[in-house]
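Only one structure is covered here, and it is reproduced in the block below.
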Amino acid sequence: NIGVRSQNYFIDGMLAYKSNDESSLDNIIDKMTTEINKETVLVENIKSGFTVCSSASRQTPTQSDIRNATVMKTQLMALRAWMSNDLEEAEKLFKSSVAIKNEASYSYGPPFIQKPTEELYAEFLISQNRPREAMDLYEQSLKKGTKRLAALKGMKKAASLLGDNKLIEEVDMQLSQI
């Protein structure tokens, strides 16, 4: 299924990003683009009433699978732009990944997208010395997934950059309860 393949591509893409391997990251983004385009045609055909040779199964993509794959691809594209120091493009892509993810309906169970879009964008903002904006994104992330360790640690870092000792204490209290 495109969803599972995209999760694997995302992990590989994050490894390429952390290794500063632009070529591998470009290849992963290209593969994801090709697969998403192919699966989008299949989803649209099924929605239009076309039948597929075999009956629907777990392998049959859904619009939700396509959206999640697109979010992960957009995250990787943002990381690629960041890697190239194209900060304007990176921010545009991070915002786009958040917007695409927010279009999705709420789903139960473990998160499908490994790195929450708000947290990844917030990390970018912290790196650009924009902790107040990052704080807003960490708060959004915590509304969706309370007591997320990464979001709480990010919030603490943003609070530290802002010199907000009261918030640092509040976050430390929450962290101590996890």
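The values are calculated or read from the model by the stated rules, or taken from the named source; none is laboratory data. Just so we're clear, the structure is a prediction, and the values are computed from it rather than from any experiment. Using ideal geometry, Cβ is built from the backbone for each residue, glycine included, and neighbour counts are taken over all protein chains shown. Note: areas computed on protein heavy atoms with side chains; ligands, DNA, RNA excluded. Shrake-Rupley method; radii C 1.70, N 1.55, O 1.52, S 1.80 Å.
Taking the longest Cα principal axis of the chain as reference, the axis of helix 131-144 is set at about 60 degrees.
For the pair residue 146 and residue 169, label points projected 7 Å from Cα toward Cβ lie 2.3 nm apart.
Please list 116-128, 147-159, 92-104 highest first by mean number of surrounding beta-carbon atoms within 10 Å per residue.
On the way: 116-128: 21.8, 147-159: 19.6, 92-104: 17.5.
So the order, starting with the most tightly packed, is 116-128, 147-159, 92-104.
Rounded to the nearest 10 degrees, the angle from helix 22-47 to the longest Cα principal axis of the chain is 50 degrees. Normalised Debye scattering of segment 128-177 at q = 0.19, 0.25, 0.30 Å⁻¹ gives log10 I(q)/I(0) of -0.53, -0.90, -1.20, counting only Cα atoms as equal scatterers and leaving out solvent.
Based on the alpha-carbon gyration tensor of segment 90-178 and its eigenvalue square roots a ≥ b ≥ c, which shape applies: rounded if a/c is under 1.5, prolate if not and a/b is larger than b/c, or oblate? Oblate shape, in that a/c is at least 1.5 and b/c is the bigger or equal ratio.
Could you compute the FRET efficiency for residue 130 and residue 1, with r as their C-beta to C-beta distance and R0 at 41 Å, rounded to 0.05?
0.65
Before I look further, what does the chain give for accessible area per residue, probe 1.4 Å, in whole square angstrom? List each step's numbers first, then the result.
Details: 10320 Å² over 178 residues.
Per-residue value: 58 Å².
Please list, by residue number, everything in segment 112-136 whose backbone N is under 13 Å from a paramagnetic label point 7 Å out along Cα→Cβ of residue 62. Residues 112 qualify, since their backbone N sits under 13 Å from the label point.
Within the assembled protein chains, the solvent-accessible surface assigned to residue 17 is about 60 Å², based on a 1.4 Å probe. Per-residue 3J(HN,Hα) values for segment 158-170, derived from phi via the Karplus relation 6.51 cos²θ - 1.76 cosθ + 1.60 with θ = phi - 60°, read 4, 4, 5, 5, 7, x, 8, 5, 4, 5, 4, 5, 4 Hz in sequence order (x marks Gly and Pro).
Where only DSSP H runs of four or more residues are counted, the chain gives -24500 deg cm²/dmol as its mean residue ellipticity at 222 nm, each run worth -39500 (n - 2.57).
Summarising the overall dimensions of the chain from its C-alpha atoms, the Rg and Dmax are 18.1, 62 angstrom.
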